[in-house]
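Data first, discussion second: the structure below is written as structure tokens.
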Amino acid sequence: MELIVIASLTVLGYFFGRIAERKHFESIRLREIQYKNILVFNERHLPPGQWQKGPLVGGNVVISVDYFKRLVAGLRALFGGRLATYESLLERARREAILRMKADARSCGAQMIINVRLETASISKGNNDQIGSIEVYAYGTALVT
Amino acid sequence: MSYENPQQPEGINVSDEHPVRDLFVLLSAVILSVVVLVVLLSSIASWLAQYVPFSTEQRLAKVIGIEAMFESDPAQDSTPEIQVQAREAYVLELGRQLIERAGIDADMSITVHYKPSATVNAFATLGGHVVMFDGLISRLPNENALAMVLAHEIGHIKLRHPVVAMSRGLTVSLALGSFLGITDNTFTGRIVEWIGYSSSLSYSRDQEREADAFASQLLINHYGHLNGAEDLFAAFQEVYDRSSPGSRLPSLDFLSTHPGLAERIDELREKADALGASGTPVPLPWAQ
């Protein structure tokens, strides 16, 4: 009985997770082109130029892990190796967080963000230390002329 | 120097390996390793169990309090008192004759218990106890079928099945339990537990086959033929049919502790054919 529940959750997780992931990647690629003119750098020092303002901008995203990904990850943990199902999850979260930070910067009228940092956290409280969902926060200093 | 933001090509951070393929590779690897582990541990455990002296097994049975399992319980007992005494004496006497015929080791002792409850069952357990329920006895049409049950359970004890099964069971559940303890993923734990449990079931079916083979040999020695023994399985089939009327579902042999009834009947018939001898089953005093 329990196995049937696990199996159906896994199948559901797989199909809905796949659809959500594909749509998300399509949307990410599209918006990355739209925000291409806002440049992001890791550089700590101000580039030469006349900068009027330097507000802090940030973008935050939380994505839930589906049962399929969790199952594969759990099995992978026994043998080791690349965790492909979580790689795509984190890739989505990072790119989405950067895009949201860029959206924030655009609303400030900035063309460039420097000193960009990314923070990743897993939200697992009260869930047996399993990764329930991941949070990625991207932040940096926007430069406004 | 010029700073720029080039578009990163896709597929650098994400591997294009199909996740379902990944799952199946991992799952097969887990199944294979758990099955190998369970088989290995079970063989070691049952090999060691045969060296447990029978007296130790009896002491263990006492510590566990196994006798409480077949003490008479008036609330559950459904057979009239007069009938109880007659049947109990009959079953115990038949048991005594069969145990004598089976030629058990000097340090071993088998105790047959009669339980006047409606449960359709009989079992052998630690400490050489054989428990016969009235629910099964009352369904048997002749003494030979009753002897088949008794001989089957005596076979379990003579072949040390209860202690071997306990040894295996404890070892496997300890191993699976420790795995559940160290894994931080409950899904993986459940799956490993299930695989381990399913692969250890075949051992109990092997034991049933051995006990059946022992029982039919004992019946040949006692009665000189196997007629009537098959009626035991017919009685089980009847109970099975009644509990799920109309269902012709094939019993899932893989998921069951006992081999299928059809398989057990076939084996008995084969043996009877090879023997060639036949006779009339002994009637039971209470059966019409």
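Here are a few things to note about the model shown:
- Scanning the stretch B:205-219 for residues that are surrounded by fewer than 18 Cβ atoms within 10 Å (Cβ to Cβ) and of a type outside the set (D, E, K, R) yields B:A213, B:Q217.
- Some residue of the stretch B:61-78 being in a helix (DSSP H, G or I), more than 30 Å from A:Y86 (Cβ to Cβ), more than 14 Å from chain A (Cβ to nearest Cβ) and in contact with a Phe, Trp or Tyr (Cβ under 8 Å, 6 or more places away or on another chain): no
- Here A:L99 passes the criteria (1) outside any strand (DSSP E or B); (2) crowded, with 17+ Cβ neighbours inside 10 Å; (3) at the interface with chain B (Cβ under 10 Å from one of its Cβ atoms) except the one numbered (3).
- Residue in the stretch A:1-8 that is buried (at least 16 other Cβ atoms within 10 Å of the Cβ) and within 13 Å of chain B (Cβ to nearest Cβ) present: yes
- One residue stands out in the stretch B:4-27 among those that are of a type in the set (S, T, N, Q) and facing another protein chain (nearest Cβ under 8 Å): the one that is farthest from A:K69 (Cα to Cα), namely B:N5.
- Qualifying residues in the stretch B:31-57 (those that are surrounded by 18 or more Cβ atoms within 10 Å (Cβ to Cβ) and over 13 Å from B:S167 (Cα atoms)) - the one nearest to the other protein chains (Cβ to nearest Cβ): B:V34
- The selection criterion, being closer than 30 Å to A:I19 by Cα and part of a helix (DSSP H, G or I), holds for B:L27.
- Scanning the stretch A:16-36 for residues that are within 11 Å of chain B (Cβ to nearest Cβ) and surrounded by 11 or more Cβ atoms within 10 Å (Cβ to Cβ) returns A:G17, A:R18, A:E21, A:F25, A:I28, A:R29, A:E32, A:Y35, A:K36.
- Odd one out for A:L56 among (1) more than 10 Å from chain B (Cβ to nearest Cβ); (2) under 16 Å from the mean Cα position of the chain (by Cα): (2)
- Among the conditions (1) among the acidic types (D, E); (2) more than 10 Å from chain B (Cβ to nearest Cβ); (3) farther than 29 Å from B:S28 by Cβ, A:D66 misses just one, which is (3).
- Filtering the stretch A:24-74 to residues that are assigned to a strand (DSSP E or B) and in contact with a helix residue (DSSP H, G or I) (Cβ under 6 Å, 6 or more places away or on another chain) leaves A:V57, A:G58, A:G59, A:V61, A:I63.
- Scope the stretch A:75-93; condition within 7 Å of another protein chain (Cβ to nearest Cβ) and touching a residue at least 40 places away in the same chain (Cβ under 8 Å); matching residues: A:S88
- Qualifying residue in the stretch B:120-127 (condition: outside any helix (DSSP H, G or I) and within 14 Å of chain A (Cβ to nearest Cβ)): no
- Flag for A:A110 being in contact (Cβ under 8 Å) with a residue 12 or more places away in the chain and part of a loop (DSSP other than H, G, I, E, B): yes
- Options B:L48, B:L32, B:L37, B:L41; residue that is more than 28 Å from B:N221 (Cβ to Cβ) and without any contact (Cβ under 8 Å) to a residue 24 or more places away in the chain: B:L32
- Any hit, the stretch B:113-129, residues being under 26 Å from B:V164 (Cα atoms), modelled with pLDDT of 90 or more, surrounded by 17 or more Cβ atoms within 10 Å (Cβ to Cβ) and touching a Gly at 6+ places or on another chain (Cβ under 7 Å): no
The values are calculated or read from the model by the stated rules, or taken from the named source; none is laboratory data. Since the model is a prediction, treat every value here as computed from it, not as a measurement. Ideal geometry is used to build each Cβ from the backbone, glycine not excepted, and the neighbour counts take in all protein chains shown.
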